[in-house]
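Readers should treat all values here as calculations from the given coordinates under stated rules, not as data from a laboratory. Keep in mind the model is a prediction, meaning the values are calculated, not measured. A quick note on method: Cβ atoms are made from the backbone with ideal geometry, for glycine too, and the neighbour counts reach across all protein chains shown.
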Amino acid sequence: MNIAHLAAEVRPFARTGGLGEVIGALPIIQASLGHHVSVWAPLYQQVRREAEHLGIPLEWTIEPFSIELGYQTHNIGLLQSKLPGSNVSIYFVGADPFFDRPAIYSPDSYGRDDGLFRFAVFVRAALKAIPMLAPAPDIIHAHDWHTALAPMALAWDQPANPYYKDAVSVFTIHNLAFQGIYEQNQYLYLGLPIDKLAASSWREHINLLKGAAIAADALTTVSPSYAREITSHPWGFDLESVFRSRSDRLVGIINGVDRNEWNPSKDPRIPCHYGLENPSEKSHCRRALLTMAGMDPDDSGLVIGLVGRLTEQKGYDLVFPVLQELISQGFRFVLLGTGEPEFERQVRAYSHSARTKFWGYVGFEDTLAHWIEAGCDAFLMPSRFEPCGLSQLYSLAYGSLPIVNRVGGLRDTVEPFTGANVLTATGFELKSPTPSGLLETLNLVKVCFQNKLLWNQLVHNGMKKDFSWQRSAKEYLSLYQQQLYEKQARRPSSQIGW
Ligand code: ADP
């Protein structure tokens, strides 16, 4: 099959979280299974910087071209490279007025959110360039609201754009909290027929994610539980009826772990290597982490790691109200993240006031994320909702028991310890999604941690789990096949060539 992925983030060039990780890994596995795969992303300032830093060449490909959108002509340049360690082509769509900005999701120079327009330029330019570079794609796989225009254009531009008439569109929701909601008068910037306005409207606004949810041939999200949760309130974020109406086209496919990046037995970023055969070597990573954090490396008390966006979604509003009490009880925390200013402020304040018990770094630091996953005893991820979550998968692989809320992908990937499942449990779940529930749970975890036989068994169970990209990639491929088959079956018989 010919598969083109369109996304706003891709590791290692530009990413803020899980979306970029997925786009940096899934296409490579699909290609290794014998398919022709390409990736399309915007040419941000950060892409040039990272490529230079990593020594990855970016080359001009086809001649610059232009697109018409919003009564304006936009000049587009296309740079090409490969996803590292693979033969997968990645094309960066250059349109400097939109992407030559300090951050991936930067506003324009007046501070306005022009996301609808900039990502519309990206998608329209990609859809124009794809026919110039590759055989007609079987699958256009768009990810999150930034690329929602792709399935809409494939469905609604017809018959004006026959090139894509046989292509199947797949739209993956990585996080429904972000939908791309803009003033309705911006609709014309999408270049779609006006009679489709209603299909992408929501509360007198344009909702790009809703448009894609209606237009795409197939809809996926990143875990089976999350696929169920978004069909009802509150996790459907007001689009639950749309998802219910498309439930025959909605599936959940769990993300995988990129074992080239996240594997404690060969991870070049961590101070010491270990695995299922020698799990006790993890203690060297723990010692290095505690020393770096200025904490006593000989103190055998529980060390809890946290890495991720400092937001309510990730449950930080549950953590901070009881943090002081936990610290006084002797718990130690090592945290890495960026996010809401109030949470960032609290991280800095605790790092100062509770220096030997709480170490926090506000920033995005790859190596530190690996150190924390490898060096902590337990990994806290009390998300309020979680489409899939990658960090808990890494913590399973690194022998750091995840403590999670039983939602979405966390429910599908962590088996909580109940007292009766010693041979299969891989982590802990919060008694309730409240600060007091968190307090109670952490005290239970502390008791389990003191029982080394039990703890080591749970660590072993977690490290044995295999959340490989191979499995996810095969599930996506069979979904593509099925959609191609159904699309062909839906075509009038006069158009079928056999
Ligand atoms: P999200 O909802 O943010 O996508 P995930 O758990 O799916 O959450 O993925 C988050 C990814 O981003 C993980 O690989 C995690 O290690 C990484 N990450 C998040 N915040 C940071 C940070 N501040 N520094 C380094 N890596 C980070």
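The table that follows gives values for the structure above.
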quantity: Å³ per residue enclosed by the Cα convex hull of region 242-328; calculated: 178
quantity: Extension gain from Asn161 to Lys474, taking 0.36 nm per residue of separation minus the Cα-Cα distance; calculated: 109.7 nm
quantity: Whole-Å semi-axes of the ellipsoid equivalent to region 301-387 (Cα gyration tensor, √5λ, descending); calculated: 17, 15, 13
quantity: Value in Å of the Kirkwood radius, where region 39-116 supplies the Cα pairs that are averaged; calculated: 13.6
quantity: Ascending count of other beta-carbon atoms within 10 Å, so fewest first, for Thr220, Thr291, Thr338, Thr73; calculated: Thr73, Thr291, Thr338, Thr220
quantity: Per-residue ³J(HN,Hα) for region 277-288, Karplus 6.51 cos²θ - 1.76 cosθ + 1.60, θ = phi - 60°, Hz, x for Gly and Pro; calculated: 6, 9, x, 5, 5, 4, 4, 5, 5, 4, 4, 5
quantity: 222 nm mean residue ellipticity, helices alone, for the chain (DSSP H n ≥ 4; -39,500 (n - 2.57); rounded to 500); calculated: -11500 deg cm²/dmol
quantity: Around His273: net Lys/Arg minus Asp/Glu count, Cβ-Cβ under 15 Å; calculated: +1
quantity: For region 293-332, the spread of Cα positions along each principal axis, largest first, Å; calculated: 34, 20, 14
quantity: Amide H within-cut-off set for Ser201, under 5 Å, with H built and near neighbours excluded; calculated: Asn207
quantity: Set Lys314/Lys452; Lys357/Lys465; Lys266/Lys474; Lys266/Lys464 screened for pairs whose C-alpha atoms are more than 22 Å apart; calculated: Lys314/Lys452; Lys357/Lys465; Lys266/Lys474
quantity: Burial ordering of Phe358, Phe178, fewest other beta-carbon atoms within 10 Å first; calculated: Phe178, Phe358
quantity: Gyration tensor (Cα) of region 174-266, equivalent ellipsoid semi-axes in angstrom; calculated: 30, 16, 12
quantity: Fewest-first ranking of His352, His143, using other Cβ atoms within 10 Å as the exposure measure; calculated: His352, His143
quantity: Translational diffusion coefficient (Stokes-Einstein; Kirkwood radius from C-alpha pairs) of region 202-246 at 25 °C, 0.890 mPa s, in µm²/s; calculated: 226
quantity: Percent of Cα-Cα distances greater than 28 Å, calculated over region 280-437; calculated: 13
quantity: Whichever aspartates and glutamates have a C-alpha closer than 20 Å to that of Lys446, once near sequence neighbours (fewer than 8 apart) are set aside; calculated: Asp296, Asp298, Asp299, Glu325, Glu373, Asp377, Glu415, Glu429
quantity: Loop-located trypsin sites (Lys or Arg not before Pro) in region 94-128 whose Cβ has at most 14 other Cβ within 10 Å (DSSP); calculated: Arg112
quantity: For region 223-259 and region 37-103, distance of Cα centres in Å; calculated: 31
quantity: Gap separating the Cα centres of region 366-389 and region 267-339, nearest whole Å; calculated: 9
quantity: Under 19 Å from Lys196, Cα to Cα: aspartates and glutamates that are on another chain or at least 8 residues apart; calculated: Asp157, Glu183, Glu204, Asp217
quantity: For the chain, convex hull of alpha carbons as volume per residue, Å³; calculated: 155
quantity: Counting all C-alpha pairs of region 392-498, share separated by more than 19 Å (%); calculated: 56
quantity: Amide hydrogen neighbours beyond the local backbone of Val303, cut-off 5 Å, H modeled; calculated: Asp377, Ala378
quantity: Per residue convex hull volume, Cα atoms of region 1-70, in Å³; calculated: 136
